[in-house]
Each structure stands twice: as structure tokens, then as C-alpha cells.
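Participant: Right, I'll just put the structure down here and ask away after.
The values are calculated or read from the model by the stated rules, or taken from the named source; none is laboratory data. What you are looking at is a predicted structure, and each value in this text was computed from that prediction instead of being measured. Heads up, the Cβs are rebuilt from the backbone with ideal geometry, glycines too, and the neighbour counts pull from every protein chain shown.
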Amino acid sequence: MKKLSGPKKINTAIFISGNGSNLRNLIKFSFLKKSPIQVKYVISDNKIAKGLRYPKKYNIDFKCYNFLNKSLTEKKILVDLKKRKIRLICLAGFMRLLSRNFIDNFKYKILNIHPSLLPKYKGLNTHKRAIKHKEKFSGCTVHFVNAKLDSGKIILQKKVKISKNENYKTLEKKILKQEHVLYPKAIMKVLNL
Ligand code: GRF
């Protein structure tokens with residue numbers, strides 16, 4: 001019997017460096033009928049990233065790059081993405097800045113998720129800094145990627161209250177939970193769904 005299939009999903013690549021909870025979440029999201037994406041490819045700059053367990057588990061093609069030569073590595077990645085007809089890149093805890101050349105050469109959308117209410121607290125240690133500055137709120141942001149750190153156009157944000165006795169670990173946990181809601185929503189938004 002012929003297998004019935006829904007509308008074609010957008011081939012998506014996810015770039016990671018670490019735990020991969022957002023990767024796992026996006027893979028799960030991609031399995032939903034309403035999801036417009038199919039996770040076709042995972043790239044890591046760290047061959048011992050914990051998140052690599054997910055492409056293995058779900059049988060998704062993946063590759064690790066050491067980025068020793070950044071421009072050569074980016075060129076290779078662009079070839080890989082073209083081969084797999086990737087039309088969307090989601091950075092999910094990917095700890096490197098992509099070059100302007102890479103961004104200009106990838107003709108489709110590149111998104112990133114960041115654990116703060118950008119433009120506040122770009123870069124690392126966002127939760128520690130938010131607590132140190134006695135912020136009442138922090139949160140997470142999904143934005144388009146440009147060649148500057150955590151600086152592209154904002155797509156969606158979610159505010160999270162910082163409680164009295166919050167420490168950076170509890171805040172990280174709270175925000176990560178919201179990231180897992182926000183990233184799929186932002187993908188739907190940029191794809192006009
Ligand atoms: C998340 O907080 C994300 O916003 C930031 O790095 C962390 C990655 O977490 N860019 P995970 O690897 O997805 O669990």
C-alpha cells in the first residue's frame with residue numbers, strides 16, 4: 001500500500017556544542033504532524049558533546065568539526081548543507097561565531113537561541129550576571145543570526161521572573177524550560193505558520 005505523507009517539511013540542520021536539550025526538543029517537535037521542519041543534519045564543534053547522543057538515538061545524520069581552520073571548515077559545512085538541501089539552520093548552544101561569509105553564503109534562514117532578554121547579557125554566564133545585577137526578570141530570546149555576537153533581529157522573547165532566592169542553576173533550569181517552548185514557536189513564526 002502506498003504510504004500517505006503530509007506536506008514536505010523543511011530540511012533543517014541543528015548546530016550544537018554541549019548538552020543538546022534544545023536539539024532534543026527540536027527533534028521531538030519535528031516529529032509532530034504540525035511541525036514544518038525535519039531535522040536532517042546535526043553539526044557539532046565538539047566531538048564529545050553530550051547532545052550527540054540524540055542524532056545517534058534518532059538515527060539522524062551528524063558530523064563533528066574541530067574548526068581549527070575556521071574558513072575551510074565553514075566551506076566544508078556549506079557543501080554538506082547544500083548536499084542535504086538544508087533550508088534552515090538552528091543554532092542550539094553552538095559556542096562559535098559564524099563568519100559573515102558563511103552567513104552570506106547560506107541563502108536561507110539561520111536562527112539562534114540565547115538565555116537572556118537580549119540585548120541584555122549577550123555572551124556567556126548570562127544567569128550569573130542577571131542575578132548579580134539584581135534583575136527582577138530574565139528570560140530567553142530567539143533571533144536571526146548575523147556576524148556579531150547575539151545581535152541579529154529578535155524573533156521572539158519570553159520573560160521569566162527571578163525569585164528572591166534564585167541562584168544561577170535554578171534560573172538556568174527555569175529558563176531552559178521556556179527555551180523549549182520558545183524555539184518551536186519562533187520557527188513557526190519565521191516560516192509564517
Ligand atoms: C541554552 O541555554 C541556549 O540558550 C544557549 O546555550 C544553552 C544550550 O543548552 N545558547 P542545550 O545544549 O540546548 O541544553
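Participant: Being within 23 Å of Val181 (Cα to Cα) and without any contact (Cβ under 8 Å) to a residue 12 or more places away in the chain narrows it down to one residue among Lys75, Lys83, Lys28; which is it? Explain how you work it out, then say what you get.
Facilitator: Values: Lys75 fails: within 23 Å of Val181 (Cα to Cα); Lys83 fails: within 23 Å of Val181 (Cα to Cα).
Just one listed residue meets the conditions, Lys28.
Participant: Does the stretch 88-100 contain at least one residue that is loosely packed, with under 15 Cβ neighbours inside 10 Å and at pLDDT below 95?
Facilitator: Scanning the stretch 88-100, I find no residue that is loosely packed, with under 15 Cβ neighbours inside 10 Å and at pLDDT below 95, so the answer is no.
Participant: Which residues, counting only those in the stretch 160-176, are surrounded by fewer than 13 Cβ atoms within 10 Å (Cβ to Cβ) and out of contact with any helix residue (DSSP H, G or I) (no Cβ under 9 Å at 6 or more places or on another chain)? Give the derivation first.
Facilitator: Residues of the stretch 160-176 surrounded by fewer than 13 Cβ atoms within 10 Å (Cβ to Cβ): 161, 163-165, 167, 169, 173.
If the condition is that a residue be surrounded by fewer than 13 Cβ atoms within 10 Å (Cβ to Cβ) and out of contact with any helix residue (DSSP H, G or I) (no Cβ under 9 Å at 6 or more places or on another chain), then Lys164, Asn165, Lys173 are the ones that fit.
Participant: Among the residues of the stretch 30-72, which ones are closer than 18 Å to Leu88 by Cα, of a type in the set (A, V, I, L, M, F, W, C) and more than 13 Å from the ligand (Cβ to nearest atom)?
Facilitator: Phe31, Leu32, Ile37, Val39, Ile43, Ile60, Phe62
Participant: Also, quick follow-up: Just need a number here: residues in the stretch 66-85 that are over 26 Å from Leu191 (Cα atoms) and either in a loop (DSSP other than H, G, I, E, B) or in contact with a helix residue (DSSP H, G or I) (Cβ under 8 Å, 6 or more places away or on another chain) (or both).
Facilitator: Residues that pass the stated criteria total 5.
Participant: Return the residues of the stretch 95-144 that are closer than 29 Å to Leu81 by Cβ and of a type in the set (Gly, Ala, Ser); say none if nothing qualifies.
Facilitator: Matches in the stretch 95-144: Ser99, Ser116, Gly123.
Participant: Name the residues in the stretch 107-132 that are among the hydroxyl-bearing types (Ser, Thr, Tyr) and away from the ligand (no atom under 14 Å from the Cβ), would you?
Facilitator: Of all residues in the stretch 107-132, those among the hydroxyl-bearing types (Ser, Thr, Tyr) come to 108, 116, 121, 126.
Within the stretch 107-132, Tyr108 is the sole residue that qualifies.
Participant: Return a yes/no flag: does the stretch 2-10 have any residue that is outside any loop (DSSP other than H, G, I, E, B) and either over 20 Å from Arg100 (Cα atoms) or within 16 Å of the ligand (Cβ to nearest atom) (or both). It would help to see each step written out before you state the result.
Facilitator: Within the stretch 2-10, the first condition is being outside any loop (DSSP other than H, G, I, E, B), and the residues that meet it are 10.
Those still in the list that are either over 20 Å from Arg100 (Cα atoms) or within 16 Å of the ligand (Cβ to nearest atom) (or both) too: 10.
There is at least one residue in the stretch 2-10 that is outside any loop (DSSP other than H, G, I, E, B) and either over 20 Å from Arg100 (Cα atoms) or within 16 Å of the ligand (Cβ to nearest atom) (or both).
Participant: Given (1) surrounded by 15 or more Cβ atoms within 10 Å (Cβ to Cβ); (2) of a type in the set (Val, Ile, Thr); (3) over 14 Å from Thr12 (Cβ atoms), where does Val79 come up short, assuming only one miss?
Facilitator: (1)
Participant: Looking at (1) buried (at least 19 other Cβ atoms within 10 Å of the Cβ); (2) in contact (Cβ under 8 Å) with a residue 24 or more places away in the chain, which one does Lys33 not meet, given that it meets all the others?
Facilitator: (1)
Participant: What is the number of the single condition among (1) on the phi < 0 side of the Ramachandran plot; (2) surrounded by fewer than 16 Cβ atoms within 10 Å (Cβ to Cβ); (3) not in a strand (DSSP E or B) that Lys63 does not meet?
Facilitator: (3)
Participant: Hey, among Lys161, Lys148, which residue is at pLDDT 95 or above and of a type outside the set (Gly, Ala, Ser)?
Facilitator: Values: Lys148 fails: at pLDDT 95 or above.
Going through Lys161, Lys148 in turn, the sole match is Lys161.
Participant: Let me ask something else about it. Restricting attention to the stretch 106-120, which residues are surrounded by 15 or more Cβ atoms within 10 Å (Cβ to Cβ) and of a type outside the set (Gly, Ala, Ser)? Steps first, answer last, please.
Facilitator: Initial filter on the stretch 106-120 (surrounded by 15 or more Cβ atoms within 10 Å (Cβ to Cβ)): 106, 109-118, 120.
Across the stretch 106-120, the qualifying residues are Phe106, Lys109, Ile110, Leu111, Asn112, Ile113, His114, Pro115, Leu117, Leu118, Lys120.
Participant: While we're here: Search the stretch 89-117 for residues that are more than 12 Å from Ile43 (Cβ to Cβ) and pair each with any residue that is assigned to a loop (DSSP other than H, G, I, E, B) and of a type in the set (Asp, Glu) when their beta-carbon atoms are under 9 Å apart and the residues are at least 6 apart or on different chains.
Facilitator: Pairs found: Met95/Asp45; Asn112/Asp150; His114/Asp150; Ser116/Asp150; Leu117/Glu135.
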